[in-house]
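Please read the structure below before turning to the comments.
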Amino acid sequence: FRNPANPNDRSFDADPDNYPVAELEYPNTSAKERFILLAPKDKDHYNPIMDLEKSLMTIVEFYLTPTQQALFGPLPHESFTDVDSPPSSPSPSPSPPQSRASTVSATSIEDLPIDAFAIFDTATHVPLLRALRRAINLQDGPLFLRALDAINAKLRSIKYPISTDPFEPPPPNPLMNVVESWTEPGLPKPVLMRVIDENYQRAVGPNVKTLKKYEAFSSTVYGELMPNLTHEIIRLTQLREESLFLDLGSGVANVVVQAALQTGCTAYGIELMPQPARVARDMAEQVKIRARMWGIDIGEIELEEGDMLKSRRVDELMSKADVVLVDNKVFEESLNEALKPKFLDLKEGAIVISLAPFVSSLNARMTERNVDDISAIFEVSERQYHSGSVSWGNSGGCYYVHRVDRVGYARIRERFESARMSMGSRSRSSRRRIQTGQ
């Protein structure tokens, strides 16, 4: 940002001892966050100003009633870029006289006091949200701060209604009433994604370089499922608040955190590599804070740093698990084979999601040769994921849904046993006929 009215104003410079900052009111009572008002040097790096704007728009869209939203004006979607861009040069031809309401332009907004933002909707036709976007586009620091101050003032007036009776306790925060009104499928996906993105940027973003240090082509290669694919998997497996979710090789725990946040389920993750495991602990602590700020519930999260094959906790939880995720895209075959015996403890109907199948062939018929294989207890289906669903490549791919079906397996095994007995009986009968010369 800069100060267009004063080129000598250095208050928006990147001074390490005094960064320019701004605060945003969050939905829950007493919840707010401070953002540094600096743009990244690399467009792919964290952008706190964009982060602030996205969170604000999510709050207005999903936490406010239509009447309350009207106080801020329409959400400035892409179709508003022409309004938010700097005004065009004035026409050289004379114009007819205009009222004050029609002559206030983007450049004159900065001259208005904060209180004047209350009349944007009717007087200047520049609502609060659009004024904020315009300040960003113009890189106008003072205008941005004044617009944000006015926005925060309106949010506080909604969050903290004044009781008409001074002897009565303060009325509840209306924004939290909105959260309680959310019904199935519960937490709106845009709110979920906003919280996940905020949490990831703060806990994982600063550690990206160190997370890329791994042994190439080994089972410890670091990779992530993106939030949209995780959302799809969670919906597909029908995780609920009473469910138990296990992530074997959980990395920075992004899927563990999302499962607990999206459904309220109990979520457990185990990670062998120290650096991702450390970041995972930060993720789990940060998301609890984020959930409180947004006023939403989150399930219990348990994380372990260790070997999934040796963990007693994995053995304890496996029989209770409803869904097990194994991101085994690059696992060595020996590791995949070593995991299979653990699945024998899964309960009927439990689901294992993996990026490589635990069966030799999806379309292979069960025969006497493979009927005793551990993976025969699974009913397996293949599903497609699209570009941008995983961190290790831009192309699409497949993931595999293994559902424990011991009843179906028992029926097939029984048929093979019956066939064996029948063949054995016919064989003995044939030998007797040969021996008797019949």
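Note on the range 10-41: residues that are at pLDDT below 90, open to solvent by less than 100 Å² (accessible area, probe 1.4 Å) and charged (D, E, K, R) amount to 2. When Ile298 is tested against (1) of a type outside the set (Ser, Thr, Tyr); (2) part of a strand (DSSP E or B); (3) buried (at least 18 other Cβ atoms within 10 Å of the Cβ), only condition (2) is not met.
Taken over the range 303-324, the criterion of being assigned to a loop (DSSP other than H, G, I, E, B) and touching a residue at least 24 places away in the same chain (Cβ under 8 Å) is satisfied by Gly306, Asp307, Met308, Leu309, Ser311, Ser319, Lys320, Ala321, Asp322.
Where residues in the range 301-333 are open to solvent by less than 50 Å² (accessible area, probe 1.4 Å) and not aliphatic (A, V, I, L, M), which of them is nearest to Val255 (Cα to Cα)?
As a first pass, look at the range 301-333 and keep what is open to solvent by less than 50 Å² (accessible area, probe 1.4 Å): 301, 306, 308, 311, 314, 317-318, 321-328, 331.
In the following step, the residues that additionally are not aliphatic (A, V, I, L, M) were identified as 306, 311, 322, 327-328, 331.
Values: Gly306: 18, Ser311: 20, Asp322: 15, Asp327: 10, Asn328: 14, Phe331: 18 Å.
So, considering only residues that are open to solvent by less than 50 Å² (accessible area, probe 1.4 Å) and not aliphatic (A, V, I, L, M), the one nearest to Val255 (Cα to Cα) is Asp327.
Let's see how each residue does on (1) surrounded by fewer than 23 Cβ atoms within 10 Å (Cβ to Cβ); (2) in contact with a Phe, Trp or Tyr (Cβ under 9 Å, 6 or more places away or on another chain); (3) touching a residue at least 12 places away in the same chain (Cβ under 8 Å):
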position	(1), (2), (3)
Gly223	yes, yes, yes
Pro227	yes, yes, yes
Glu242	yes, no, yes
Phe245	no, yes, yes
Asn254	no, yes, yes
Gly264	yes, no, yes
Tyr268	no, yes, yes
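When the range 165-193 is examined, which residues are found to be touching a Phe, Trp or Tyr at 6+ places or on another chain (Cβ under 8 Å), open to solvent by less than 30 Å² (accessible area, probe 1.4 Å), under 18 Å from Val257 (Cβ atoms) and part of a helix (DSSP H, G or I)? Within the range 165-193, just Val191 meets the criteria. Only one of these conditions is not met by Asp111: (1) farther than 20 Å from Tyr26 by Cβ; (2) modelled with pLDDT of 50 or more; (3) of a type outside the set (Ser, Thr, Tyr); (4) in a loop (DSSP other than H, G, I, E, B). Which number is it? Condition not satisfied by Asp111: (2).
Please work out if Ser360 is part of a loop (DSSP other than H, G, I, E, B), at pLDDT below 90 and open to solvent by 50 Å² or more (accessible area, probe 1.4 Å).
Yes: the conditions hold for Ser360.
Out of all the residues in the range 325-348, which are assigned to a helix (DSSP H, G or I) and either under 17 Å from Thr266 (Cβ atoms) or under 28 Å from the mean Cα position of the chain (by Cα) (or both)?
Correct list: Asn336, Leu339, Phe343.
Rundown of residues vs (1) more than 27 Å from Ile289 (Cβ to Cβ); (2) touching a strand residue (DSSP E or B) at 6+ places or on another chain (Cβ under 6 Å); (3) of a type in the set (D, E, K, R), yes/no style:
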| residue | (1), (2), (3) |
| --- | --- |
| Tyr19 | no, yes, no |
| Glu25 | no, yes, yes |
| Asn28 | no, no, no |
| Ile36 | no, yes, no |
| Ala39 | no, no, no |
| Lys43 | yes, no, yes |
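This table checks each residue for (1) modelled with pLDDT of 90 or more; (2) over 29 Å from the mean Cα position of the chain (by Cα).
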site: Ala350; (1), (2): yes, no
site: Arg383; (1), (2): yes, no
site: Gly393; (1), (2): no, no
site: Gly397; (1), (2): yes, no
site: Arg403; (1), (2): yes, no
site: Arg426; (1), (2): no, yes
site: Thr436; (1), (2): no, yes
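In the set Arg281, Arg292, only one residue is assigned to a helix (DSSP H, G or I), over 26 Å from Ser391 (Cβ atoms) and at pLDDT 95 or above; that residue is Arg292. A single member of Asp165, Asp149 is of a type in the set (Asp, Glu), modelled with pLDDT of 95 or more and not assigned by the TED database to the domain that holds Ala291, and it is Asp149.
The values are calculated or read from the model by the stated rules, or taken from the named source; none is laboratory data. A quick note: this is a predicted structure, and the numbers were derived from the prediction, not measured. FYI the Cβ positions are ideal-geometry reconstructions off the backbone, even for glycines, and counts take in every protein chain you see. For accessibility, only protein heavy atoms count, side chains too; no ligands or nucleic acids. Shrake-Rupley method; radii C 1.70, N 1.55, O 1.52, S 1.80 Å.
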